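Report on one structure; see the data block that follows.
The values are calculated or read from the model by the stated rules, or taken from the named source; none is laboratory data. Here the structure is a predicted model, which is why all the values come from computation and not from measurement. Ideal geometry is used to build each Cβ from the backbone, glycine not excepted, and the neighbour counts take in all protein chains shown.
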Amino acid sequence: MRLRVTGVVQGVGFRPFVHRLATSLDLHGTVRNDAAGVLIDVFGPAEVLDEFVRRVAIDAPPLASVTGVAVVPDDSALAVADGFRIIASDDAATAAAAITALPPDVAVCDECLAEMRDPADRRYRYPFVTCTQCGPRFTITRHLPYDRPTTTMAGFVLCPACQAEYDDPTDRRYHAQPLACPTCGPHLTLHTADGVVAERDDALRGAQRLIDDGRIVAVKGIGGYHLVCDATNATAVATLRARKGRGAKPFAVLVADRAPLAEVAAVSATEQSALVSPQRPIVLLRRTPGAAGWPELVAPGAADVGVMLPSSPVQHLLLDGLGTQVVVCTSGNVADEPIVTDDGDALRRLREIADAWLTNDRPIHSACDDSIVRARGPMMVPLRRARGFTPLPVPLASDGRAVLAMGGDLKGSLCLAVGRQAFMSQHLGDHGQLATYRAARQAARQLVDLLCTTPAAVAIDAHPGYLSARLGRELAGEWGVPVVEVQHHHAHVVSVMAEHGVHGPVIGVAFDGTGYGPDGTIWGGEIMLATAASVTRVAHLKAIPLPGGDAAIEHPARTALAHLWAAGVEWDPHLAAVAAVAPADRQVLRTQLERGVHTVATSSMGRLFDAVAALAGVRQRVDYEAQAAIELEAVLDPLATGAYTFPLADAAGAVDCAPVIRAVAADALAGTPAGTISARFHSALVSHVVHQVRTSACDTSAGTGGTVVVLSGGVFQNAWLADACEAVLVREGCTVLTHRLVPTNDGGLALGQAVIARALLGGNG
Ligand code: ZN
Ligand code: ZN
Ligand code: FE
């Protein structure tokens, strides 16, 4: 019998598992990797073969994800074997033929950790210990099939002891591609401005002394460099903030397994399992109110703090020997550039930030930031999809042409849809920096190389100024394929539909900061009727003129003044937002608004959040995207009563924000607490959504199958709003779909773009 096994079956100990299973059942034959997955030739009595087929699927190793076990009808190539053998991977010929999922990077396993901490083991304190069940995968792989020569470990020649493990089917390191030991593998070095100052264990101890002394050390990890300092040392954290030019933006922390997390945050069972999962993402935890100490240092003013547990052996060793149990562990980059992976780059670009570099000689082929997730009830949802998840594909409900989608300019991420799978790139950072452009170009090249597919089209955002779109046009030109422009909020909505395998029509609620509308204004408060191929905007916030356009995003106070002006409310200096803008600047703003010069029309929900946050006195200037909205949600008083009211849409579908702005301003002037204003505004939004959905469902008589509502866009990172909208809509009898696999922010945009482009292109192959 010849069997074809598909799914994530390479680099996860699958062939040794097949070998053990076959041997235990006394079956003969062979197993091999090829570009389509795993191919098994097996001989034995029919009933034992049935047992074998059944157990191949259900007993597979934990990291494997078997999507299919099929008997290959043409068994003419079968050759009778004696015993059971593992055959080395076939080469490029088969690699070109088909698609195999490459496994993501996996946190070090318990068995490897135990060896690393055992003084009698030959890998005692060895920071590159790994086996078939753990270690780097995606970040070290140059191309498929996944095998040692195609990884960045190719340059390390196995010593006899490692080679013996690699060749022994009964060993847990049998064909573990990144296998290494102190004799033959990579090593740590510690650099300072003076050059290399220590190697191996001395390098590690040197880095620990520096961190304990309050210094900042750049540490090379699985997918790039991190900047690390003592999170309990206020001076160290402040220095890192200042050097990174980061303002108040929260830092993620890396926490020792033994650290008492419960003192600073309530950790649910769902969150705990995410923390210890093989992906080891940053988990956003709700801070315990009033808990002092490091959470306020690393995430000032935020309701959540981002926490991760050590995932690589280096991180374990580092934390094991530190005075503190909590270190800041933030991407080693400048501002919103991509994470640094190259050793020379790290020394140059992080020179102004780091005091020292704890590095090693294992090259990183693909940058991969830490993933960020948050619990929504019993479910974990991604806010940033990268290490541990990339390049796991999102399964698609239907086939279509190969399309590369470029995503947006913020939270850049690409998507290559091939067959029934959509491969998302890692998070690439914000466009606008040369480094992000390079990273996006490299990620595009890498997706195409890994999957041996040249796209039939490139999908881009319709914004004429987007750099991601410009890169998409360049790539399409190089490949000689068409470009498909996709409207931003249509892409958001279809991205959710793609995750759920839904064709629509659905009612899409797309709330976010910035997205280019076909009328040339900035959209972001949309209710749409959508399928993959078509979209109708049924309701939206009434546009207001915003002086300075995108520049206003940094100044919620100015956005508040624009909203007040549009609502006909006087700029009373008793309002915090008005007081925050200097009188002279107010005069300039007023002139711009009255004459309509240097203004951009926007119907963005993100800007409405900014305006309300500023009016409530929560935030007048932001250091990072969505800070005002995040803080407005954080102050929401769940016990507050009352709600503002959005009016009904006019004949053109426009919903005037003026009544809400007037009510917010009146409350603010009356001294109503920010938590109450926030609660009343959030409640108003939920009613607005429910009302619009109800009206749209009637208008379109969406059929008898019930109304399907999709929530997407960056505003739905707001957990309170997403939960409340979902709960009320479900009570109304709607089916509510939200993101589970890709982020609801622009990091998930590319998935929707790819699916829309396919629908518009039509055809297969
Ligand atoms: Zn392991
Ligand atoms: Zn070795
Ligand atoms: Fe967006």
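For region 493-516, enumerate the residues that are surrounded by 19 or more Cβ atoms within 10 Å (Cβ to Cβ) and assigned to a helix (DSSP H, G or I). Matches in region 493-516: Val493, Val494, Ser495, Val496, Met497, Ala498, Glu499.
Residue pairs whose Cβ atoms lie under 9 Å apart, separated by 6 or more positions or on different chains, with the first residue in region 734-758 and within 14 Å of Val418 (Cα to Cα) and in contact (Cβ under 8 Å) with a residue 12 or more places away in the chain and the second away from ligand 1 (no atom under 16 Å from the Cβ) and acidic (Asp, Glu), are Leu751/Glu499; Gln753/Asp461; Arg758/Asp399. Number of residues in region 530-551 that are surrounded by 22 or more Cβ atoms within 10 Å (Cβ to Cβ) and within 27 Å of the chain's Cα centre (by Cα) equals 3.
Of Gly513, Gly504, Gly472, all but one fail to be in contact (Cβ under 8 Å) with a residue 60 or more places away in the chain and within 14 Å of ligand 3 (Cβ to nearest atom); the exception is Gly513. Being touching a strand residue (DSSP E or B) at 6+ places or on another chain (Cβ under 8 Å) and either crowded, with 17+ Cβ neighbours inside 10 Å or β-branched (Val, Ile, Thr) (or both) is the filter here; which residues of region 51-76 pass it? Scanning region 51-76 gives Phe52, Val53, Val56, Ala60, Leu63, Ala64, Val66, Thr67, Val69, Val71, Val72. A count restricted to region 544-565 and to residues that are touching a Gly at 6+ places or on another chain (Cβ under 9 Å) and not in a helix (DSSP H, G or I) stands at 2. The set of residues from region 711-754 being within 13 Å of ligand 3 (Cβ to nearest atom) and of a type in the set (Val, Ile, Thr) comprises Val715, Val742, Thr744. Please work out if Arg117 is surrounded by fewer than 17 Cβ atoms within 10 Å (Cβ to Cβ), away from ligand 3 (no atom under 16 Å from the Cβ) and modelled with pLDDT under 95. Criteria not met by Arg117.
Every residue, every condition in (1) within 16 Å of ligand 2 (Cβ to nearest atom); (2) under 32 Å from the mean Cα position of the chain (by Cα); (3) touching a residue at least 12 places away in the same chain (Cβ under 8 Å); (4) assigned by TED's automatic domain parsing to the domain that holds Leu451, yes or no:
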position: Tyr126; (1), (2), (3), (4): yes, yes, yes, no
position: Gln133; (1), (2), (3), (4): no, yes, yes, no
position: Leu144; (1), (2), (3), (4): no, yes, yes, no
position: Arg148; (1), (2), (3), (4): yes, yes, yes, no
position: Cys159; (1), (2), (3), (4): yes, no, yes, no
position: Leu179; (1), (2), (3), (4): yes, yes, yes, no
position: Thr183; (1), (2), (3), (4): yes, no, yes, no
position: Asp201; (1), (2), (3), (4): no, no, yes, no
position: Gln208; (1), (2), (3), (4): no, yes, yes, no
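Scoring Ile527 on the criteria (1) assigned to a helix (DSSP H, G or I); (2) crowded, with 24+ Cβ neighbours inside 10 Å leaves a single failure, condition (1). Cβ separations smaller than 9 Å between residues 6+ apart or across chains give the following pairs from region 545-562 residues that are farther than 17 Å from Arg595 by Cα to residues that are part of a loop (DSSP other than H, G, I, E, B) and among the β-branched types (Val, Ile, Thr): Ile553/Val622; Glu554/Val622; His555/Val581; His555/Val622; Pro556/Val618; Pro556/Val622; Ala557/Val581; Ala560/Val581.
In region 120-134, is there at least one residue being acidic (Asp, Glu), over 27 Å from Ala367 (Cα atoms) and away from ligand 3 (no atom under 16 Å from the Cβ)? Working first, answer last.
So the first thing to find is which residues in region 120-134 are acidic (Asp, Glu), and the list is 121.
Next, only the ones that are over 27 Å from Ala367 (Cα atoms) stay: 121.
Adding the requirement that they be away from ligand 3 (no atom under 16 Å from the Cβ) leaves 121.
Within region 120-134 (the criterion being acidic (Asp, Glu), over 27 Å from Ala367 (Cα atoms) and away from ligand 3 (no atom under 16 Å from the Cβ)), the answer is yes, since at least one residue qualifies.
Exactly one residue among Ala457, Ala443 is in contact with a strand residue (DSSP E or B) (Cβ under 7 Å, 6 or more places away or on another chain) and among the aliphatic types (A, V, I, L, M), and that residue is Ala457.
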